[in-house]
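Peer 1: What follows is a structure written as structure tokens; I'll ask about it next.
Read-outs throughout are calculated quantities, based only on the coordinates presented, and are distinct from any laboratory measurement. It should be emphasised that the depicted structure is a prediction, and the values quoted were computed from it without experimental measurement. Cβ: placed from backbone, ideal geometry, glycine included. Neighbour counts: every protein chain shown.
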């Protein structure tokens, strides 16, 4: 009887400092920087020794199945790859900007479309061998293409490559907040949808107090982890700089 009672109580509440739980969180590359790192810092002071979190890299081809089978408690990734059958919450929306190293030979003048397409671009994409990114679809709409010369599987490789080369890269502004001493960022000279980061969970876990607690931790981590910005975003044309 006591066992049944304890099970029922555990289903109705979750005490992170005393209860035991292992969470499985799948993250996209961008989400690892924006949410993953602040979440780890937050968990170190808001959870007890019996709360464990196993992070994995999201796989758009398998995420839905793994969530259905209970192998993933939370998925955090670009809204474009979130399975539609899941419960979701948008964590942030950020504009894309172009980044170049400080002291780049092109200077710090505003970008126009011709120059953007002429520059040599790094594409950050987890898809092996893919030399196109999210921006290329937007450029095709206006009959243009950029000079993509290097593809890397992870965003975290980009700042160091920019630091030692004249390549440029287009990324969500929030990802560059930690590297404002290395890069200058510029508004894009064309319209592009914002980067939207979304948290998703299976509907059966919606009322689980432990998963709800973790969702709250993620939301709080996103709010505190993104207070820093990438510094001044230099405008295109006559537009004012974003801050």
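Peer 1: Return, for the Cα atoms of the range 43-157, the radius of gyration and Dmax in Å, separated by a comma.
Peer 2: Gyration radius and largest Cα-Cα distance of the range 43-157: 18.8, 56 Å.
Peer 1: So, one more: Express in whole angstrom the spacing between the alpha-carbon centres of the range 13-61 and the range 166-203.
Peer 2: After rounding, the separation between the Cα centres reads 23 Å.
Peer 1: Using a 7 Å offset from the Cα along the Cα-to-Cβ direction at both residue 147 and residue 42, what is the distance between the two label points in nm, to one decimal?
Peer 2: Modelled inter-label distance: 4.3 nm.
Peer 1: Pop a pseudo-label 7 angstrom from the Cα along the beta-carbon direction at both residue 219 and residue 56 and give the gap in nm to one decimal.
Peer 2: In this crude spin-label approximation the distance works out to 2.6 nm.
Peer 1: Given a Förster distance of 22 angstrom, what is the FRET efficiency for residue 90 paired with residue 127, based on the Cβ-Cβ distance and rounded to 0.05?
Peer 2: Values: r = 24 Å, r/R0 = 1.09.
It comes out at approximately 0.40.
Peer 1: A further question on this structure: Can you tell which of 61, 120, 223 shows the greatest fluctuation in a Gaussian network model of the chain with Cα springs below 10 Å?
Peer 2: Highest fluctuation among the options: 61.
Peer 1: Using a ≥ b ≥ c from the Cα gyration tensor of the chain (square roots of the eigenvalues), is it rounded, prolate or oblate, where a/c under 1.5 gives rounded and otherwise the larger of a/b and b/c decides, a/b for prolate?
Peer 2: It comes out prolate by the Cα gyration axes.
Peer 1: Next question. What ranking do 32, 108 get, fewest neighbouring Cβ atoms within 10 angstrom at the top?
Peer 2: Sorted ascending by nearby Cβ count, the order is 108, 32.
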